[in-house]
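Below is one structure; the comments refer to it alone.
Laboratory data are not the source of any read-out in this text; all were calculated from the coordinates shown. None of the values given here were measured: they were computed from a predicted structure. Quick reminder, even Gly has a Cβ in these numbers, built from the backbone with ideal geometry, and neighbours come from all protein chains shown.
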Amino acid sequence: MIDQLLEGNEQFIANEFKPNEAYYQSIATRQTPRVLWIGCSDSRVSEHQMTGSRPGTMFVHRNVANIVAFNDVNISSILEYGVVHLKIEDIIVCGHTRCGGIAAIEDGVHENYIADWLCIASGAKVVADRVAAERGLSRDQKLELLAEENVKLQISHLKNRALIKNQHAKGNLPRIHGWLYRVETGKVDVIVDGRAPHGAA
Ligand SMILES: [Zn+2]
């Protein structure tokens, strides 16, 4: 596998980097991404590939089930650097279908660290439980709904961060968007459309 990856790097240099040398040299000195991506660590959810973007487009944070945790120094530093220094215009929180983290929220897990982490998304399950019961959803439908509700919940966590709250109170960016990536089709569904007027608030 490792040999394949290194061979892939040679192909990347030959087929992508060299033909676009000017672009890659322009980002070699300074990155100016306009988007901050908060996504799941899942191997099938590649933010640059799914959006047809080149390196340099997005500042990226990924964790299990795309969670915005209040006590996570990692995401705090990424938010601060992204919003204050890189002056990110848009933040995308992207969940996905067939997410192992979402299934674990639904089913419960016994591993200590994973359970603690997923606890931060438990509010999404409360909503999904209620709606699934009302609508008589199948398990797959419910997991999809839970993935969507988790995106909405993490957006509310994001908007309650003092850093973001203060920016929005001043009428500043970033706009916040919620997406769901479908691993079965490659399609992105917009769950929360931050492009709408007053979408930043
Ligand atoms: Zn996932």
| Cα Rg, Dmax, the range 1-158, angstrom units | 18.4, 56
| said: I'd like to verify something in the chain: which complete DSSP H helices, judged by Cα projection on the helix axis, reach 18 Å or more and average at least -1.0 on the Kyte-Doolittle scale? | reply: 122-135, 139-160
| remark: CD proxy, 222 nm, the chain: helix-only mean residue ellipticity via -39,500 (n - 2.57) per DSSP H run with n ≥ 4, per residue, nearest 500, stands at -13500 deg cm²/dmol
| field | Unit Cα scatterers, Debye sum, the range 34-98: log10 I(q)/I(0) for q = 0.25 Å⁻¹ | value | -1.15
| Entries in K87/K165; K18/K187; K125/K159; K125/K165 that, when Cα-Cα distance is taken, lie over 18 Å | K18/K187; K125/K159; K125/K165
| task | Return the tail of the calculated pair distribution for the range 137-201, meaning the percent of Cα-Cα pairs more than 15 Å apart. | result | 58
| request: State the dimensionless ratio Rg/Rh of the range 98-161 (Rg: radius of gyration of Cα atoms; Rh: Kirkwood radius). | output: 0.98
| task | Would you mind ranking M1, M58 so that the residue whose beta carbon has the fewest other beta carbons within 10 Å leads the list? | result | M1, M58
| query | What list do you get for V45, V68, V93, V188 if you sort them by fewest beta carbons within 10 Å? | reply | V188, V45, V68, V93
